[in-house]
Amino acid sequence: MPLLTIDGTEYEVSEGRTILQALDDLGLLMSGVDIPHYCWHPKLPIDGSCRMCQVAVEGMPKLQIACNTPVRDGMVVSTRSEPVKKAQRGVMELLLINHPLDCPICDQAGECKLQDYAFEYGMAGARTEEPRRPAKKATELGPTIVFDQERCILCRRCVRFCREVSKSGELGVFARGDHSLLELFPGAELDNPYSMNVADICPVGALTTKDFRFKIRVWFLDDVESVCNQCSNGCNIYASRSNNRVYRYLPRRNDEVNETWICDHGRLSYSLITDNRLTQPRVARRSTTYAAALSKAGDAVRAAREAGGRIVGVASPFAANEDLFVLREFLEAVGGANPTFAVPRGEGDELLVKVEKAPNAAGARALGFEESESLGGAAAVAVVLGHALEAQAFENVETLILLDSENCVLRERADVELPARSFVEKEGTFTNHANRVQRFRPIVEPTFEAFAEGEILQRIAVVAGLAGWTEAYDVREVSKRLSEAVAAFNGIHLGSLDDCGQKLA
Amino acid sequence: MELDSFSPEIQQEIEALFPRYPDKRGALLPAIHLVQAEKGYLAPQDARALAGLFELQPVEIWEVLTFYNMFYTSPQGRHHVYVCTNLPCSLRGARTLLKGLEAHLGVRCGQTTADGRITLGREECLGSCGTAPVLRVDGEYVENLDLAEAKRVIDGLE
Amino acid sequence: MITQPHITNYLSEHYGNDAYSGLAGYQEHEGFEGLRKAVRMKPADVVELVKSSGLRGRGGAGFSTGLKWSFMPTENDRPKVFVCNADESEPGSFKDRLIMERGPHQVLEGILIGAWAVGASKSFIYIRGEYEFAARRLESAVSELYAEGYLGRNILGKKGFDHDIVVHRGAGAYICGEETGLLESLEGKKGQPRKKPPFPAQHGAFGLPTTVNNVETFAHVPFILARGIDWFRESGTEKSPGTTLFGVSGHIERPGLFELPLGTPLVEIIDHAGGVRGGRRLKGVIPGGVSMPVLPPTELDVPMAEESLAERGTHLGTGGIMVMDETTCMVRVACVASYFFRDESCGQCTQCREGTGWIHKICERLEAGRGSAADLGLLDDVPTLMEGQTICAFADAAAWPIQGLMRHFRSDFEAHVAERKCPFPESFEL
């Protein structure tokens, strides 16, 4: 393993890597070793044109670009020598020659590499007042992206993305020299299922999303680690929130799952978090208190047990592993079989999108649940974790208890409706299509009374008089129990999982 | 095939070039020269047609078209008259010559005469510094010029 | 059009004879003697011979040709390619055009000798799009060679010595004269130079091992093979043997090409060309194409070879000598040069794309009388932000002329600032 010395510190790096790749592998790039860069991206082909990543390599007379310099054993690099600083100032100054002073109206402000590097590596004042090159301002590039051509620094990340990742090839750079302009083919649009990723990778505000435009300044946002719930890929995300509201999702890098990308549909699914859902407990379709609703549910369960009636459960591939596990325990306690579940399906693609349109079907399977459209006969009580189910299946159920975090179609059929917390309102884990267990963290608080499904089930159990059950709910404790009860989950629980996830045994 | 793009004959000529290159994309510049010889310039439908032939994205064709001086993406005059305005020619009065031609034709450099006869332009060094100043008229060099001779040549163009 | 240089030597001796551009005429004057000698030698020995001859590339960089050939891999697992760089676009340079129009077989024979030496089975002649007549001459010459068995299979009866040549026209972009910009353009893309590594000998045209040589470089090779190293080294200098076609243009009495030994003093070449036109005084000379820093009259004694020019802060480049007389405004020269580089930058690297634009804008403002002392400071500084820090040497080529003009003619620039206008009304019009 080659040894690379940077600014006096020695690192052991993998074979066949460039300086930037080696630092990225070690998790040190821009968090430990600062080598500023624009055109390089860990998941795109190397470009080498922005020239910002120049470093001094001992034994080489000219500065070298760290993005394209292969590490040789014993290489000694300096990132802070005077020639490097001069080069960085030079690149910064030249990038600003044709860049408009848009910061006050630009969405990128606060997460803009031009701002950040100008502050860190640039000059204090401008030496030019030459008119800037004419270019377009705030035009539509397609259904999702706003394009400010004036701001473009021609790093070509977006061009490489469209050619190599989305393989849709819409963007190009026309003409040459300082007349170069990022453009679409005449009459074309940027329109592919991954289009909004170009706004992430654009280091400046040339490409921004319509969705986020002018909504909020990013310094008011804080980012919470979570996982997208729109399909079984489980792309890692950051949910950007402010004042108990989610303003956007951004992809969170996970080289095992989604690299640095997310599909547009998943990215926009934050807008599904609304108050158009079950917010008030109901019994027989009339609003009531939570206690009253729990009472009704618990009584129905107890009555069914005493009469020897059949109690069934319906799980949901949208529910967390922890909630599914409590459901399993509940059904064991009442003498019911494992719950069944149904998975909505759709189109997948070759990049990220999966056919199963729910985040935790694999988790349900790992707990021993089977897919089924039917309940297998009449039942006295059905305990249902709501999400997209067919109403017909429940015709022969006497008491339908619905735990709902959305606006399930079964609400018109349910006898007891209990508001549940969605994944953005609690902690838990999902298991993705590749059996990777990934954790999500609470992002917002509901403005009404709601609990995790596992907690609701515990409360019902208490009312129903099941032995050994308490109301006090600790999701971490549930998670630990799950990891001990199911062999595949051995060692995997909320107390041990990091934000990269872990595969089932 | 795209409506209103180049002829099947041109397509055949293009395809005949493919075996000359290890990757057929090598034939792209010659192909564009062929299309342009037929049509005078390339419109988006020509770029789409070429993209289909070469299995590229249309935007990649447009990138190439806009990069090179000799490729046009808008209609041109029947004749191209270019004046070299680089240093050796300028030292010998090329820019004065250009201004004279602008006045003579009644257009600015880069424009086409109203009757569509002549597009007047400027070019970088044409490799004719020993016989400066020089014009390139429809691909042929006209060298050792003065304004009178230049006007005579241009007036002879239909 | 020029049909032969004012002064000829071995290279251009027969250029005045139109038949020389045809195979029969070429063969009457030693044509293909060099190739016949080469194929009687081991390929590696041919490489050594060219290396020992000291032949330096004539495309502007002056790199040892034989050394470049030796970079090609010896394994034959992938086809090897030669590329002839006929993109001649350096302002002031017009020699390759004459060689291709009047002596195309010299170039083709040189390519074939190189092909034998490195085991290349294919060559592309990348000729600038504007050289339509020269391209037709080359096509015609190539056809003759196929007809006579000098191209195709088993050339000169040597089993396995196969070679094909494709004449490929460019479309108007100076940057396609840069080795890897040329390769990109040959492959049907924008002519944007490549990052190095990898180098063309490992990964060149279409990913194949490739050597790129200039037209004139190839043209010398048959003579070296036919007449030998000792003969070749008789002319030129120790480090720069042989002749070259110096192109003299601008304010000169007899513009044109002059085939003279490398190392000939600049003042002699200017004399051969009849001196400054109209008997005027010389103000400055650019020795090697517009990319090379200008020289003041005090440096006219410089031997025209790379090693001597480098000592005086400039370079041989392509030997394009541009003479400027006393009427010349050097700020206007800066405007012409900086416009050229701004127009021709491929646009990839930040410093080149933005620096060329900035410099041009400053020069134009200075010429219009709207410049300040701060602008002179910028013209000192901005070139240093560009030099040595980009994917290719274009940024250096754009920086050097400005640096040269500021070094030797700063007073012209200062006068524009002080007088708030151009103080040289007699100068060539901009």
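The values are calculated or read from the model by the stated rules, or taken from the named source; none is laboratory data. Since the model is a prediction, treat every value here as computed from it, not as a measurement. Positions of Cβ are generated from backbone atoms using ideal geometry, with glycine treated the same way; all protein chains shown enter the neighbour counts.
I need the full set of residues from the stretch A:10-60 which are on the phi > 0 side of the Ramachandran plot and of a type in the set (A, V, I, L, M), in order please. Before you say what the answer is, go through the steps one by one.
Going residue by residue through the stretch A:10-60, those that are on the phi > 0 side of the Ramachandran plot are A:16, A:27, A:30, A:32, A:48, A:51, A:59.
Within the stretch A:10-60, A:Met30 is the sole residue that qualifies.
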Subject >> Matching residues in the stretch A:162-188 - criterion: being on the phi > 0 side of the Ramachandran plot and touching a Leu at 6+ places or on another chain (Cβ under 9 Å) >> reply: A:Lys167, A:Gly169, A:Ala175
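Quick check on this structure: which one of C:Glu75, C:Glu88 is on the phi < 0 side of the Ramachandran plot and away from every other protein chain (no Cβ under 14 Å)? Spell out how you get there, then give the answer.
Details: C:Glu88 fails: away from every other protein chain (no Cβ under 14 Å).
Going through C:Glu75, C:Glu88 in turn, the sole match is C:Glu75.
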Subject >> Pairs with Cβ under 6 Å, 6+ apart, first in the stretch C:333-353 and free of Cβ contacts under 8 Å to residues at least 12 places away in the same chain, second part of a loop (DSSP other than H, G, I, E, B) and not hydrophobic (A, V, I, L, M, F, W, C) >> reply: C:Thr350/A:Arg51; C:Arg353/C:Ser345; C:Arg353/C:Gly347
Subject >> Residue list for the stretch A:273-294, filter: out of contact with any strand residue (DSSP E or B) (no Cβ under 9 Å at 6 or more places or on another chain) and either in contact (Cβ under 8 Å) with a residue 60 or more places away in the chain or part of a loop (DSSP other than H, G, I, E, B) (or both) >> reply: A:Thr274, A:Asp275, A:Asn276, A:Thr289
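Output the residue which, of all residues in the stretch A:92-150 that are of a type in the set (Lys, Arg) and within 14 Å of chain C (Cβ to nearest Cβ), is farthest from the chain's Cα centre (by Cα). Spell out the reasoning first.
Initially, the stretch A:92-150 is screened for residues of a type in the set (Lys, Arg), giving A:113, A:127, A:132-133, A:136-137.
Subsequent filtering for residues that are within 14 Å of chain C (Cβ to nearest Cβ) retains A:113, A:127, A:132-133.
Values: A:Lys113: 22, A:Arg127: 43, A:Arg132: 38, A:Arg133: 38 Å.
Among those that are of a type in the set (Lys, Arg) and within 14 Å of chain C (Cβ to nearest Cβ), it is A:Arg127.
Looking at C:Ala334, C:Ala374, which one is under 24 Å from the mean Cα position of the chain (by Cα), more than 7 Å from every other protein chain (Cβ to nearest Cβ), part of a helix (DSSP H, G or I) and of a type outside the set (Ser, Thr, Tyr)?
Answer to the check: C:Ala334.
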Original post:
Yes or no: C:Ala226 surrounded by fewer than 23 Cβ atoms within 10 Å (Cβ to Cβ), touching a residue at least 12 places away in the same chain (Cβ under 8 Å) and under 30 Å from B:Tyr68 (Cα atoms)?
Top reply: no
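Could you say which residue among B:Leu91, B:Leu17, B:Leu97, B:Leu56 is more than 14 Å from C:Ser185 (Cα to Cα), at the interface with chain C (Cβ under 10 Å from one of its Cβ atoms) and without any contact (Cβ under 8 Å) to a residue 24 or more places away in the chain?
Numbers: B:Leu91 fails: without any contact (Cβ under 8 Å) to a residue 24 or more places away in the chain; B:Leu97 fails: without any contact (Cβ under 8 Å) to a residue 24 or more places away in the chain; B:Leu56 fails: without any contact (Cβ under 8 Å) to a residue 24 or more places away in the chain.
Answer to the check: B:Leu17.
From the list C:Glu259, C:Glu238, C:Glu253, C:Glu234, pick out the single residue that is within 30 Å of C:Cys329 (Cβ to Cβ) and surrounded by fewer than 24 Cβ atoms within 10 Å (Cβ to Cβ). Give the derivation first.
Details: C:Glu259 fails: within 30 Å of C:Cys329 (Cβ to Cβ); C:Glu238 fails: within 30 Å of C:Cys329 (Cβ to Cβ); C:Glu234 fails: within 30 Å of C:Cys329 (Cβ to Cβ).
Result of the check over C:Glu259, C:Glu238, C:Glu253, C:Glu234: C:Glu253.
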Original post:
Restricting to the stretch A:335-356, what's the tally of residues that are within 20 Å of A:Ala320 (Cα to Cα), over 24 Å from the mean Cα position of the chain (by Cα) and not aromatic (Phe, Trp, Tyr)?
Top reply: 4
Subject >> the stretch C:107-135 residues that are more than 11 Å from chain B (Cβ to nearest Cβ), paired with ones that are of a type in the set (Ser, Thr, Tyr) (beta carbon under 6 Å, 6 or more apart) >> reply: C:Ile111/C:Ser123
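Look through C:Val248, C:Val290 and report the one residue that is modelled with pLDDT of 95 or more, of a type outside the set (Lys, Arg), surrounded by 24 or more Cβ atoms within 10 Å (Cβ to Cβ) and outside any loop (DSSP other than H, G, I, E, B).
Working: C:Val290 fails: outside any loop (DSSP other than H, G, I, E, B).
None of the others qualify; the one that does is C:Val248.
Take the residues in the stretch A:70-91 that are within 11 Å of chain C (Cβ to nearest Cβ) and surrounded by fewer than 22 Cβ atoms within 10 Å (Cβ to Cβ), then tell me which one is farthest from C:Leu379 (Cα to Cα). It would help to see each step written out before you state the result.
At the first step, the residues of the stretch A:70-91 found to be within 11 Å of chain C (Cβ to nearest Cβ) are A:70, A:83-84, A:86-91.
Among the residues that remain, those that are also surrounded by fewer than 22 Cβ atoms within 10 Å (Cβ to Cβ) are: A:70, A:83-84, A:86, A:89.
Working: A:Pro70: 35, A:Pro83: 19, A:Val84: 21, A:Lys86: 17, A:Arg89: 17 Å.
Going through the qualifying residues, I end up with A:Pro70.
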Subject >> Selection within the stretch C:358-371 - part of a helix (DSSP H, G or I) and either farther than 17 Å from A:Gly177 by Cα or of a type in the set (D, E, K, R) (or both) >> reply: C:Lys361, C:Cys363, C:Glu364, C:Arg365, C:Leu366, C:Glu367
**OP:** Assess whether C:Gly66 counts as being over 17 Å from the mean Cα position of the chain (by Cα), at positive phi and either not basic (Lys, Arg) or not assigned by TED's automatic domain parsing to the domain that holds C:Ala393 (or both).
**Re:** no
Subject >> Filter result (part of a helix (DSSP H, G or I) and in contact (Cβ under 8 Å) with a residue 24 or more places away in the chain) within the stretch B:142-158 >> reply: B:Leu147, B:Ala150, B:Lys151, B:Ile154
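Counting only residues that are in contact with a strand residue (DSSP E or B) (Cβ under 8 Å, 6 or more places away or on another chain) and small (Gly, Ala, Ser), give me the strands (runs of 3 or more DSSP E) lying completely in the stretch B:26-141 with at least 1 of them. Break it down stepwise before answering.
Numbers: elements: B:79-84, B:118-123, B:135-137.
Hits in the stretch B:26-141: B:118-123.
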**OP:** Take the residues in the stretch C:384-407 that are part of a loop (DSSP other than H, G, I, E, B) and of a type in the set (Gly, Ala, Ser), then tell me which one is nearest to the other protein chains (Cβ to nearest Cβ).
**Re:** C:Gly388
Subject >> Every pair of residues 6+ apart whose Cβ atoms lie under 8 Å, when the first sits in the stretch A:162-181 and is facing chain B (nearest Cβ under 7 Å) while the second is assigned to a helix (DSSP H, G or I) and charged (D, E, K, R) >> reply: A:Gly169/A:Arg163; A:Gly169/B:Glu60; A:Gly172/B:Glu60; A:Gly172/B:Glu63; A:Val173/B:Glu63; A:Phe174/B:Glu63; A:Arg176/C:Glu344
**OP:** Mind listing whichever residues of the stretch A:216-252 are buried (at least 23 other Cβ atoms within 10 Å of the Cβ), in a loop (DSSP other than H, G, I, E, B) and among the hydrophobic types (A, V, I, L, M, F, W, C)?
**Re:** A:Cys228, A:Cys231, A:Cys235
Original post:
Would you pick out the residues in the stretch B:125-158 that are within 12 Å of chain C (Cβ to nearest Cβ) and β-branched (Val, Ile, Thr)?
Top reply: B:Thr131, B:Val134, B:Val137, B:Val142
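Right, A:Asp7: of a type in the set (Asp, Glu), at pLDDT 95 or above and at positive phi or not?
Values: of a type in the set (Asp, Glu): yes; at pLDDT 95 or above: yes; at positive phi: yes.
Considered against the rule, which asks whether it is of a type in the set (Asp, Glu), at pLDDT 95 or above and at positive phi, A:Asp7 comes out as yes.
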Subject >> Of residues in the stretch A:177-215 being of a type in the set (S, T, N, Q) and outside any loop (DSSP other than H, G, I, E, B), the one surrounded by the fewest Cβ atoms within 10 Å (Cβ to Cβ) >> reply: A:Thr209
Original post:
Has the stretch B:115-124 got at least one residue that is of a type in the set (Gly, Ala, Ser) and over 30 Å from C:Asp96 (Cα atoms)?
Top reply: yes
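Please list, ordered by residue number, the strands (runs of 3 or more DSSP E) wholly in the stretch A:4-95 having 2 or more residues that are touching a residue at least 24 places away in the same chain (Cβ under 8 Å). Spell out how you get there, then give the answer.
Working: elements: A:9-12, A:54-57, A:75-78.
So the answer is A:54-57, A:75-78.
Could you tell me whether C:Tyr150 is under 29 Å from C:Pro73 (Cβ atoms), of a type in the set (Ser, Thr, Tyr) and more than 13 Å from chain B (Cβ to nearest Cβ)?
On the way: under 29 Å from C:Pro73 (Cβ atoms): yes; of a type in the set (Ser, Thr, Tyr): yes; more than 13 Å from chain B (Cβ to nearest Cβ): yes.
Yes; evaluated as a whole, the condition is true for this residue.
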Original post:
Restricting the first residue to the stretch B:63-82 and requiring it to be more than 16 Å from C:Arg128 (Cβ to Cβ), which pairs with a second residue that is assigned to a helix (DSSP H, G or I) and β-branched (Val, Ile, Thr) meet a Cβ separation below 6 Å and a spacing of at least six or different chains?
Top reply: B:Val81/B:Ile154
